[in-house]
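Peer 1: For reference, the structure I am asking about is given below.
The values are calculated or read from the model by the stated rules, or taken from the named source; none is laboratory data. Keep in mind it's a predicted model, so treat the numbers as computed, not measured. Virtual Cβ from ideal backbone geometry, glycine too; neighbours counted across all protein chains shown. Just so you know, the surface numbers come from the protein's heavy atoms only, side chains and all, with ligands and any DNA or RNA stripped out. Shrake-Rupley method; radii C 1.70, N 1.55, O 1.52, S 1.80 Å.
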Amino acid sequence: SAISKDSLKNSLLELECHFTWTLSKEDVDLDELEETIYDQIRFMIESNIQNYNLLSYVCHLKNSNEEALRSLQNAEEDVKKNHPDEIARRSLVTWGNYAWVYYHMERYKEAQIYVNKVKKSCKKLSSTAGGTICLPEISAEKGWALLKFGRKYYERAKESFKNALQIEPNNPEFRAGYAITMYRLEYHSHEEYEDEHTSINLLKRAVELNPKATFVMSLLALKLQDLGQADEGEKYMEEALQEAPCLPYVLRYAAKFYRRKGNVDKAVEVLEKALQITPSSSFLHHQLGLCYRAKLFSLGNTTGYTHQQEDNIIHQAIFHFKAALDRKTKFFCGHLDLADMYAKAKQYEKAEEMFQKALQINILSDNDQQEFCYRYGNFQLYHRKSESEAIRYYVKGLKIETKSSYWILKIINALKKLLERRIQRGLGDATDFGTLGFVHNLNGQKQEAVECYEQAIALCPDNEEYLSALCELRLSI
């Protein structure tokens, strides 16, 4: 009846499972996510309960509820095998997902059975009268699911792992999840977090708690490399490779490590090996593209290379960047990297198309927007030979508010160089001087900013914007 359906819906909304964690399918490429989960199931020796639960949700999002039920059966098998003494505790998320899948299949009786199962188990497991329950495993499982849905969810993943760690501070799996999340947050914002939460300390702690955590070990190696401690990083990387010579997750980070170290040939070799194991990984194809891009840069510093060699390398890079995007359609950096390569190949229309596609991805952070303005500005300047468009995009990038200074510094340097060149060539108009004043002011060079605004006003005496900027500057000096 309708009433029971409504009350069922209310009970469903109270469950802790993938269906109530607001994971939106618009934020991921479902096919790519499904493939990633299958790869993890293949290569993770430990328990796969979480992978099966997440897979059931992905199957539901792809409209195959029968598949979703099969995944949940696999999760149940896994619980029986790996946690025979804690079946209820380890099955709450699985049962919650069952209830939702049955609800969507309009099999309300079965949905209600699973809702009751969860309620009964929570009462048994709970110390509170209302039967509410906060299990660290569930917080952690939520954290892993959020991580898989991409960077829009990283802040929430961080909170979930923190909640799990408040209850079990030395659980190696929760520690690893928290460390990986913080590593990714730092990587994407180009910032370090406050002391005890910087990812370097968290990664070290996670490796201490589980010396077999090769995935975490390889991230630790990359982080040490970032912080200028590449030799120590290399020790961890070699250890991870010894421990897991065929684990694609370790191989792909090893390749990244060697590429950034400048050993591009070794990186390519490692990636080719990894591609034999997981041939359709978008990450591996993207990394190969980056390797060929690095080869292209180093070719520019050697004498006596031929155009044929250059074309071959560009062709390889384009091939791999495209392969990455075929499998991961919402891959922002991948789009920009492919656009840059098309520009190098003088295929400007295709480059333009890729830049526009990058902008249409619906989960762009402020950092992404700034990176876009910088890279598109460069494209306008160096390939389209349009200084005015380049300036327009650089300025647009500087007006985006972010905490991170990474792209801002890059844009400031590019813009300053371009404006100073224009002024030296005698092409500088009021706008150029005004913009340069704005850049100097951002840079904290107030005296230089004043001079630029004075020049701008000399060329365009009635401009309100320059007059008020100059006024403010003089007051602040």
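Peer 1: Kindly indicate whether residue 152 is modelled with pLDDT of 95 or more, under 30 Å from residue 204 (Cα atoms) and under 33 Å from the mean Cα position of the chain (by Cα). Steps first, answer last, please.
Peer 2: Numbers: modelled with pLDDT of 95 or more: no; under 30 Å from residue 204 (Cα atoms): yes; under 33 Å from the mean Cα position of the chain (by Cα): yes.
It is false that residue 152 is modelled with pLDDT of 95 or more, under 30 Å from residue 204 (Cα atoms) and under 33 Å from the mean Cα position of the chain (by Cα).
Peer 1: Just checking, which of 147, 135, 185 is open to solvent by less than 50 Å² (accessible area, probe 1.4 Å), at pLDDT 95 or above and of a type in the set (A, V, I, L, M, F, W, C)?
Peer 2: Working: 135 fails: at pLDDT 95 or above; 185 fails: at pLDDT 95 or above.
Matching residue, one of 147, 135, 185: 147.
Peer 1: Here is a check on your reading of the model: is residue 136 touching a residue at least 40 places away in the same chain (Cβ under 8 Å) and over 22 Å from residue 368 (Cβ atoms)?
Peer 2: In short, no.
So that you can scan it fast, the table gives a plain yes or no per residue for (1) assigned to a helix (DSSP H, G or I); (2) surrounded by fewer than 19 Cβ atoms within 10 Å (Cβ to Cβ); (3) out of contact with any helix residue (DSSP H, G or I) (no Cβ under 9 Å at 6 or more places or on another chain):
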{"residue": "337", "(1), (2), (3)": "yes, no, no"}
{"residue": "349", "(1), (2), (3)": "yes, yes, no"}
{"residue": "355", "(1), (2), (3)": "yes, no, no"}
{"residue": "371", "(1), (2), (3)": "yes, no, no"}
{"residue": "380", "(1), (2), (3)": "yes, no, no"}
{"residue": "385", "(1), (2), (3)": "no, yes, yes"}
{"residue": "388", "(1), (2), (3)": "yes, yes, no"}
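Peer 1: Moving to a separate point now. Of all residues in segment 90-110 being more than 25 Å from residue 136 (Cα to Cα) and part of a helix (DSSP H, G or I), which is most open to solvent (accessible area, probe 1.4 Å)?
Peer 2: Taking segment 90-110 as the starting set, the residues that turn out to be more than 25 Å from residue 136 (Cα to Cα) are 102-110.
Okay, now just the ones that are also part of a helix (DSSP H, G or I), so 102-104, 108-110.
Numbers: 102: 27, 103: 31, 104: 83, 108: 71, 109: 168, 110: 60 Å².
The residue in question is 109.
Peer 1: Is it true that residue 464 is open to solvent by 80 Å² or more (accessible area, probe 1.4 Å), within 41 Å of the chain's Cα centre (by Cα) and among the charged types (D, E, K, R)? Please lay out each step first, then the result.
Peer 2: On the way: open to solvent by 80 Å² or more (accessible area, probe 1.4 Å): yes; within 41 Å of the chain's Cα centre (by Cα): no; among the charged types (D, E, K, R): yes.
Against the criterion (open to solvent by 80 Å² or more (accessible area, probe 1.4 Å), within 41 Å of the chain's Cα centre (by Cα) and among the charged types (D, E, K, R)), residue 464 does not qualify.
Peer 1: Out of segment 7-44, which residues are hydroxyl-bearing (Ser, Thr, Tyr), over 22 Å from residue 119 (Cβ atoms) and in contact (Cβ under 8 Å) with a residue 24 or more places away in the chain?
Peer 2: 24, 36
Peer 1: State whether one or more residues within segment 302-313 are open to solvent by less than 20 Å² (accessible area, probe 1.4 Å) and within 30 Å of residue 231 (Cβ to Cβ). Full working, then the answer.
Peer 2: Initially, segment 302-313 is screened for residues open to solvent by less than 20 Å² (accessible area, probe 1.4 Å), giving none.
No, segment 302-313 has no match at all.
Peer 1: Which residues, taken from segment 418-459, are farther than 16 Å from residue 395 by Cβ and in contact with a Ser or Thr (Cβ under 8 Å, 6 or more places away or on another chain)?
Peer 2: 446
Peer 1: Within segment 50-89, which residues are of a type in the set (A, V, I, L, M) and open to solvent by less than 60 Å² (accessible area, probe 1.4 Å)? Talk me through it step by step, then tell me what you get.
Peer 2: Keep residues of segment 50-89 that are of a type in the set (A, V, I, L, M), which gives 54-55, 58, 61, 68-69, 72, 75, 79, 87-88.
Scanning segment 50-89 gives 54, 55, 58, 61, 68, 69, 72, 75, 79, 88.
Peer 1: Please find, within segment 306-325, the residue that is farthest from the chain's Cα centre (by Cα) out of those that are charged (D, E, K, R) and closer than 25 Å to residue 358 by Cα. Spell out how you get there, then give the answer.
Peer 2: Here is the first cut: in segment 306-325, the ones charged (D, E, K, R) are 310-311, 322.
Now drop any that are not closer than 25 Å to residue 358 by Cα, which leaves 311, 322.
Values: 311: 31, 322: 19 Å.
Only one residue fits best here, namely 311.
Peer 1: Another question, then. Can you name the condition, by its number, that residue 395 falls short on among (1) in contact (Cβ under 8 Å) with a residue 40 or more places away in the chain; (2) not in a helix (DSSP H, G or I)?
Peer 2: (2)
Peer 1: Within segment 415-424, is even one residue under 37 Å from the mean Cα position of the chain (by Cα) and either in a loop (DSSP other than H, G, I, E, B) or loosely packed, with under 14 Cβ neighbours inside 10 Å (or both)?
Peer 2: Just the residues of segment 415-424 that are under 37 Å from the mean Cα position of the chain (by Cα), to begin with: 415-421.
Keeping just the survivors that are either in a loop (DSSP other than H, G, I, E, B) or loosely packed, with under 14 Cβ neighbours inside 10 Å (or both) gives 417, 421.
The answer is yes; a qualifying residue exists.
Peer 1: Does segment 357-369 hold any residues that are touching a residue at least 40 places away in the same chain (Cβ under 8 Å) and in a helix (DSSP H, G or I), and which are they? Full working, then the answer.
Peer 2: The initial filter retains those residues of segment 357-369 that are touching a residue at least 40 places away in the same chain (Cβ under 8 Å), namely 362-363, 365, 367.
Listed by number, the list holds a single entry, 367.
Peer 1: Need a quick list: helices (runs of 4 or more DSSP H) entirely within segment 203-305 having at least 1 residues that are within 19 Å of the chain's Cα centre (by Cα).
Peer 2: 214-226, 248-261, 282-300
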